[in-house]
Amino acid sequence: MSGSINLSQVRTARWLPGLLLMLLFSLSACQPVQAPAASAIPAFTIAVSDDAVSAPEVVPGGIVRVTIQNNSSIPMDIGLARVLEGSTSEEVIALAQGGEEAFIPLLTKASFLPSVNPVDPGAERWFYVDLRTGVFVVDAAEHVEGMPGAGALHLNAVFSADEIVGVTEPVADVAVDMVNFAYAMPDEIQAGPQLWQFTNSGEQWHMMFVVDLAEGAGVEDVMAFMGDPAMAPAGPPPFEILPDAGIPSIGAGERAWLEFSLAPGEYLVGCPVPDVAAIFAGEMPMSHMEHGMVKMITVVE
Ligand SMILES: [Cu+2]
């Protein structure tokens, strides 16, 4: 199932810190106020309890608003994935439970949509996503700090979108086009709650984290900490990854809209995802940031 990928080769590779970040990257734990009613955009809810995930069996295709409710008693990491052509939801569910070693095979069978990590008990989160049509898997597991281990309890649901219903584009304040390997986006962003549209026009998974740099720190400092742990400088990193901004990895061709708020200032945005083309070619991958997928933005009042 893992094709030509040599897992022992990639297991300890230097992109692992980036991979960890990608998996654990957190969206807002305290989502800003809900966007104004957009009645033309179909909506549905995915609810997670202590022993099950419930979702409608069939949902509207196209652009939808997805609300994720955590009705369980523990913080949960909840992700959505599209089952790729030629794969089955059973395969994706099995691989999603497999921890680190199943991750590369999972890349070939699923395309990730936004995930929410963590959702606190009793909390709910939302985003818009273009489902188009297809079969989708919801994976919910207890939130962990660090790499999710194999054997953790996963709760799953499967739903399908058979027909395009949502054809209304949300009105985005900021548009970000993610390609291999750059962000096409404005240099200047308005402070306060903004609806960000993320389009992955590249051929690999891409994400965007937002980093607040310490005085005098630069791109090279972030990359030094994201690279080979053996080479990472001692001491705490001179930057902070904002927990309530950016987007976790989404697959090639996916589109999603998330609302978050930035205070005025200068920020670095970057993609620490490893270059999977290199992994599949059996080479030691560089991160997308090292390939140039990194940018400074200014948030203005
Ligand atoms: Cu990327």
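The values are calculated or read from the model by the stated rules, or taken from the named source; none is laboratory data. Bear in mind that the values here come from a model prediction, so they are computed numbers and not experimental data. Every residue, glycine among them, receives a Cβ derived from its backbone with ideal geometry; neighbour counts consider all protein chains shown. The area values use the complete protein model at the heavy-atom level, side chains included, leaving out ligands, DNA and RNA. Shrake-Rupley method; radii C 1.70, N 1.55, O 1.52, S 1.80 Å.
Solvent-accessible area of Met286, all protein chains in place: 80 Å² (probe radius 1.4 Å, heavy atoms, ligands and nucleic acids excluded). So for the chain: antiparallel DSSP bridges make up what percent, rounded to the nearest 5? Among the beta bridges of the chain, antiparallel pairing accounts for roughly 75 percent. Annotation: the antiparallel percentage among DSSP beta bridges lying fully within segment 39-166 is about 75.
Around Gly251, under 13 Å between beta carbons, what's the net of Lys plus Arg minus Asp minus Glu among the other residues? Here the charged neighbours net out to 0.
Any idea what % of Cα-Cα pairs in the chain are farther than 30 Å? Beyond 30 Å sits 28 percent of the P(r) for the chain.
Where in segment 200-244 does the amide nitrogen come within less than 12 Å of the point 7 Å from the Cα of Asp177, taken along Cα to Cβ? Within reach of a label on Asp177: 200-202. Accessible surface ranking for Val58, Val269, Val300, 1.4 angstrom probe, highest first: Val58, Val300, Val269.
Note on segment 174-300: Cα Rg divided by 2.2 N^0.38 Å, N the number of residues, gives 1.05. Using C-alpha pairs under 8 Å with a sequence gap of at least 6, the mean separation divided by the residue count of the chain gives a relative contact order of 23 percent.
Here is the tail figure for segment 63-141: Cα pairs spaced more than 20 Å apart come to 35 percent of all pairs. Where only DSSP H runs of four or more residues are counted, the chain gives -3000 deg cm²/dmol as its mean residue ellipticity at 222 nm, each run worth -39500 (n - 2.57).
Once all protein chains are placed together, His291 keeps about 70 Å² accessible to a 1.4 angstrom probe. Using the Cβ of Val300 as centre and a radius below 11 Å, the other residues enclosed give a net charge of -4, where K and R count +1 and D and E count -1.
Under 19 Å from a label point set 7 Å out along the Cα-to-Cβ vector of Met296, the amide N atoms of segment 185-214 belong to 185-191, 209-214. With the cut-off at under 20 Å, measuring from each backbone N in segment 84-102 to a point 7 Å along the Cα-to-Cβ line of Ala152 picks out 91-102. In the assembled protein chains, Glu290 presents an accessible area of approximately 70 Å² (probe radius 1.4 Å).
Only beta bridges with both residues in segment 174-300 are counted; by DSSP, about 75 percent of them are antiparallel.
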